[in-house]
Every structure is written in structure tokens, then in C-alpha cells.
Amino acid sequence: MITNRNGHMTGAVLYGREDLKVEKVAIPEPAADEVLVRVKVALTCGTDLKVWRQGYHARMIVPPAIFGHELAGVVEQVGSSVENRLRVGMRVVPGNSAPCNQCLFCRKDRANLCEDLLFNNGAYAEYIRIPGRIVRQNLLEIPDHVSFLDAAMVEPLACVLRGIEETGMKRGETAVVIGCGPIGLKFIRILSNRGVRVLAVGKRESQIQAAERMGAAAAFDVLRVENPVQVVRRLTEGQRGPDSVIEAVGSPMTWQWALQMVRRGGTVNLFGGCPRGSQVQFDPSALHYSEITIKSTFHHTPPFICDALDTIARGEICAGDFVTGEISLSELPRFFQHMKNRNGELKTAVIP
């Protein structure tokens, strides 16, 4: 139970564009169908960096609000109407959203596009309140042999696993992953573990080395090759191109590369979202006559949160390959300034 008698905790509050303050705030009081979780570890995330830079996210967070969404922790309080499976002291990992299960998209098994998708933020704090809808659908017990640090990877991994299923890659096929940040590296690790030959395209020597450690058959630094499309195609059968391409950067140029790389009849997953207002040019005849399939995988659904925790529990992926450091909550504002300069860190553990 909470030992802080004054009812306050330390939290990182986003006030606006690049305006993050670590301060004392009230400990959330859970409603009857809610759970209060004591945060053991939170992870930094590229999405959080984008939100910090723009000062808000239309669907995820409206300032002022406590920030962060990747975490694992311990149940501290349980609301009076919460199901019996949850108990104080249980080690848990919450998803950062839950669908309504009633709208058109939920009924069509596209819960990630739910018209009333409920998001939850607040990982960068000592405690976080988990809304009832997430408690019912997306709050999972962590197996005893899984660490808090590993479990905290569940949310981004769920997005990756859904992207893999949507793209439809098979053992023995060749896939290109463009982008060797934390998301791209997760794609490389999971795909290579599952028998897919992965070619990686990244930037910086550190990313190339990381891609090779994750299992890439070959990795290229775009700053050191004249034409990434040609370089990739030369390593495919008959230089026809890969069976699939995962674009995990989110820029018009890399979207164009993905469409130019893939073989006839192949699939491109534009996983990385481009900035609002971007424009991408492509040759429509090439898409039509080559029968290229284009997909964009956004977010996750509750079954993929479960799948992600199972994948971690099986040992297919571990945080040690991605988490490059540890900081306290008080260091977080300075660290976001550091991340802004893109110094090559993958993910950092924030310990309240």
C-alpha cells in the first residue's frame, strides 16, 4: 500500500512544446473500476519524443498532463468493482489503450482504428492510474521469470508483431527493414528469429552494428551508399527486389525507397508515419502493373498485447538488446533535450 502519507508523488508533467517539468503532483485516486499501479520502470520512446517536441498529441495527451506510456509495475490499489484476478502486489504490465468494442471498426476486427480508442499516459511518475476499460482488456500479469524491464517493452513490441502479421512474411523470404531505431531493430530481431532473411537500411555505424547483432543478413548505412534501392536489389534473387519492405522511419524519401525496392507482387508496409503535410511521389503504373500491395500498420489491439508478453516470456526478445541506459525521473527533461540531438541511444529506462 502507499506509504507516502502526504498524498503526493513525483511526476513528469508536459506543459507544452519542449516544456517538461518534474514536480510534486497528487497521487491519482482510482475509481471503482480502476487500478493504481506503482511504476517500477518506464521506457523512453520515439513517440514520446515527437509529442514532447510538438507539445501535445491530438489523441494521446492534452497538456498539462503526466507523460509516458511504456511501463511495468506493481498493483498498489484495486477499485471496489475490479475483478478478483487482480490483487495488490501483483506484477503487471498495462497496455496504453483500449478499444470500445462497439463501433464499426471494432465490429470489423479493426480495434486499433476504434472511434473511441481510450489512451492512457502517465508512465513517467511514481504511480499511474489505469482506467477501467484498460484494466478489463489490457492489464496483464507479468510471469515470474520476466523482469519489469523486459515486460515494459510489451506496447511497442505489440505494434511490431501486428505489423509482421499484416505484412504476411513467411520463413525463407527476404525482407528489407528501412530504419534501425528501436522499432526497426525489433522487426529485425523477430523476423530473423522466425526464418526471414532480413536486409537492413540504417544511418550511423552504431545502427548498422545493432542491426547485424539483431540478425540482419546485411546492413547498409545510407550515408555511405549512392543508391540504397540498387544496393538492396543486388542482394535479392535475380535482383528483382525483396518479397516485402518494412518502412520504419517515416519520411517521404524512405517511403519512396520502399516502393522502389520491393519486387513485383510484393508487399510494402509503411509503418513509419510521415509528418503532417508531407507529400510522397510515386509512379502509379509501377504500382499497378507490378501488383504491389501497400499497407500501413497503426497501433495494436489487445490480442497483440498478449502476444507480445508471450513473445518476451519465450525469450525471443529481451530489453538488454535495446535499453542502453538508466536515468531517474529528475533527469528526464535534460534527457529529452539530449534525445533531440539524435545521439544514437535506443531506449532508456526511467526509474521513478
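Where a number appears in this text, it was derived from the coordinates with a stated rule and is not lab data. If you're wondering where the values come from, they're calculated on a predicted model, not measured in any experiment. Every residue, glycine as well, gets a Cβ built from its backbone with ideal geometry; the counts of neighbours run over all protein chains shown.
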Spin-label proximity, SER81 to the stretch 27-63 - amide N less than 13 Å from point 7 Å beyond Cα toward beta carbon = 31-35
Pairs of Lys in the chain closer than 18 Å at Cα, counting only those 8 or more apart or on different chains = 13
inquiry  = Could you work out the percent of alpha carbon pairs in the stretch 125-203 separated by over 17 Å, rounded to a whole number?
reply    = 58
ask   = Over what distance in Å are the Cα centres of the stretch 53-97 and the stretch 229-257 separated?
value = 38
query = Antiparallel as a % of all DSSP beta bridges within the chain, to the nearest 5?
reply = 55
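Magnitude of the Cβ-charge dipole of the stretch 160-295, K/R +1 and D/E -1, about the Cα centre, nearest 20 debye? Provide the component values of the computation, followed by the final result.
Numbers: 18 positive and 12 negative charges, 57 e Å.
That gives a dipole near 280 debye.
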key: For the stretch 160-295: Kirkwood Rh in Å [reciprocal of mean 1/r, alpha carbons]   = 14.5
Computed label-point distance, nm, for sites SER278 and GLN54 using a 7 Å Cα→Cβ extension = 1.1
ask   = Using a Förster distance of 41 Å, how high is the FRET efficiency between ILE351 and SER285, based on the Cβ-Cβ distance and rounded to 0.05?
value = 0.15
request  = Place a +1 charge on the Cβ of each Lys and Arg in the chain and a -1 charge on the Cβ of each Asp and Glu, then give the dipole magnitude about the Cα centre in debye, rounded to the nearest 20.
outcome  = 460
query = Taking the Cα centre of the chain as the origin and placing charges on Cβ (Lys, Arg +1; Asp, Glu -1), which of THR301, ILE130, THR167 is farthest toward the positive end of the dipole?
reply = THR167
query = What residue among PRO275, PRO94, PRO30 has the largest mean-square fluctuation in a Gaussian network model of the chain, using Cα springs under 10 Å?
reply = PRO275
note = Mean-square fluctuation maximum in Gaussian network of the chain, Cα pairs under 10 Å, restricted to ASN227, ASN138, ASN269, hits ASN227
remark   = Candidates GLY172, GLY272, GLY95; GNM for the chain (alpha-carbon contacts under 10 Å) flags as most fluctuating GLY172
task = Give the angle, between 0 and 90 degrees and rounded to the nearest 10, that separates the Cα long axis of helix 302-313 from the longest principal axis of the Cα atoms of the chain.
result = 90
query = What are the semi-axes of the equivalent ellipsoid for the stretch 250-352, taken as the square roots of 5 times the Cα gyration tensor eigenvalues, largest first, in whole Å?
reply = 34, 21, 12
remark   = Here the Kirkwood hydrodynamic radius of the chain, Cα-based and in Å, equals 21.1
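How much length is gained on full extension from CYS103 to LYS340, taking 0.36 nm per residue of separation minus their Cα-Cα distance?
Length gained between CYS103 and LYS340: 81.5 nm.
If packing is taken as the mean number of other Cβ atoms within 10 Å per residue, what is the order of 98-108, 153-163, highest first? Mind dumping the intermediate values first?
On the way: 98-108: 15.5, 153-163: 25.2.
Ranked by mean Cβ neighbours within 10 Å, highest first: 153-163, 98-108.
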